[in-house]
Structures are given as C-alpha cells and as structure tokens.
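The values are calculated or read from the model by the stated rules, or taken from the named source; none is laboratory data. These numbers come from a predicted model, not from an experiment. Cβ: placed from backbone, ideal geometry, glycine included. Neighbour counts: every protein chain shown. These accessible areas exclude ligands, DNA and RNA; they are computed on the full protein's heavy atoms, side chains included. Shrake-Rupley method; radii C 1.70, N 1.55, O 1.52, S 1.80 Å.
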Amino acid sequence: FPSTLEVLIKEREPLLVLRLRDVKVKYRDWMVSSDGCIYQGNEYSPAMIRLLPSLQVPSSMIQRTADNQGYRRLKEIPVVAPLLELARSDYPEIFRDWTVVSYNRPSDKDPGANISIKSKRVGNIRFNPTDYAHQLSRLRYLLDEPKFSQAPFIRSIDLSHGRSVFAKI
C-alpha cells in the first residue's frame, strides 16, 4: 500500500468567455478553460473579462449538466486552446485584437476543419487546427507587410490552406 497521498489543486484560468442568455438577467458570462470546462468565474474583474475573446458556437453544442446547475465540458476546446495560448504568450499584439473565436469541426483529421477568429483589425482570420506556430508566424509576417500594415481594416486572412495564404483588404 502506498504510504503517501498526493493531492494536486490547480486553479482554472479562463481562456475564453461564453456569454449565455439567462432567465433572471439579460445574460451571464461563463468562463471557458483550456480543457473545455465551462464555469462561473468568481472575482474576475470586468476589465479582465473584457480582454478575453468571446466563444461563439452553435447552441446545440452547449449542453446542461445532469443537475442543471452548469454546462458540460466542450470537448473541442483542447484542440483550439493551443492556438489561443500560443497567440497570448508569443503574439500579444495580435491576440489583444481578437474578439470572437468560433470553430467548425476542429480535428486535424478533418479536411474541412477550421478555427475562425474575428478581430478588431481583421474581419475574419481562419486557421487550420494544426501547426499553429507556423500559421501565427505567417500571420505576423503578413500583418507587417506595408500593404497590410497601412490598411485600416483587412476583410479576411485565410491561413488554413497549408503554405498558401488568401487575404482580402
């Protein structure tokens, strides 16, 4: 028998905010962690919540728990989370403009899989759910190009097609 019991307590850190309608109030903000857990955040400042991108998914993906007190884990978030975590840590100048995150079947085995980001500067940025480091590097390079850096708003950038990048100003 082991003589030692280890207990590891790890605080969840919000990665996204999910705004849901509530019967009692107009809406309620739920935090989404990198493992897909949807939870009610306590004592997060409104300023900190405003810095988080919102998650936009079909309502059919959001399911109540058996006790009806919360929501089931979003199983796709662990595929999306590395993109957001890498952007937040290595590309903060890009990440801070991200406002809405959505995804369509984010599996690296699905050729139609994609993650879409709406930002203040780019209407829609589309990622493939593989090799996020390479895609973010190409995004930074493109945004630093004179034609794009001088544009007040870029309609779309699609990084989901391997080495090809499609952009509309």
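Looking at R88, R50, can you tell me which residue is outside any strand (DSSP E or B), modelled with pLDDT of 90 or more, closer than 30 Å to L142 by Cα and open to solvent by 100 Å² or more (accessible area, probe 1.4 Å)? Testing whether each residue is outside any strand (DSSP E or B), modelled with pLDDT of 90 or more, closer than 30 Å to L142 by Cα and open to solvent by 100 Å² or more (accessible area, probe 1.4 Å) leaves just R50.
Across segment 49-73, the qualifying residues are those that are among the aliphatic types (A, V, I, L, M) and free of Cβ contacts under 8 Å to residues at least 24 places away in the same chain, and the one among them that is farthest from S33 (Cα to Cα) is A66.
Taking each residue of segment 1-21 that is touching a residue at least 24 places away in the same chain (Cβ under 8 Å) and looking for partners that are of a type in the set (K, R) with beta-carbon atoms closer than 6 Å, six or more apart or interchain, yields L20/R28.
For beta carbons closer than 9 Å, sequence separation of 6+ or different chains, a first residue in segment 143-169 that is under 18 Å from D97 (Cβ atoms) and in contact (Cβ under 8 Å) with a residue 12 or more places away in the chain and a second that is assigned to a loop (DSSP other than H, G, I, E, B) and among the basic types (K, R), the qualifying pairs are L143/R121; A151/R121; F153/K120; F153/R121; I154/R121. As a summary of the residue check, R19 satisfies the conditions (1) in contact with a strand residue (DSSP E or B) (Cβ under 8 Å, 6 or more places away or on another chain); (2) within 30 Å of H134 (Cβ to Cβ) except for the one numbered (2). Within segment 116-169, the set of residues being at pLDDT below 95 and in a strand (DSSP E or B) comprises S160, H161, S164, V165, F166, A167, K168. Listed residues Q56, Q69; which is open to solvent by 90 Å² or more (accessible area, probe 1.4 Å) and within 24 Å of Y132 (Cα to Cα)? Unique residue meeting the criteria: Q56. Taking segment 1-39 on its own, how many of its residues are assigned to a loop (DSSP other than H, G, I, E, B), of a type in the set (S, T, Y) and under 23 Å from P82 (Cα atoms)? Count: 1. Scanning segment 13-34 for residues being modelled with pLDDT of 90 or more and surrounded by fewer than 14 Cβ atoms within 10 Å (Cβ to Cβ) gives a total of 2. From the list E76, E93, E145, E85, which residue is under 27 Å from D22 (Cβ atoms) and acidic (D, E)? Within the list E76, E93, E145, E85, the selection yields E76.
Reported count of residues in segment 93-115, each being within 14 Å of Q56 (Cα to Cα), modelled with pLDDT of 90 or more and either crowded, with 16+ Cβ neighbours inside 10 Å or over 13 Å from the mean Cα position of the chain (by Cα) (or both), is 6.
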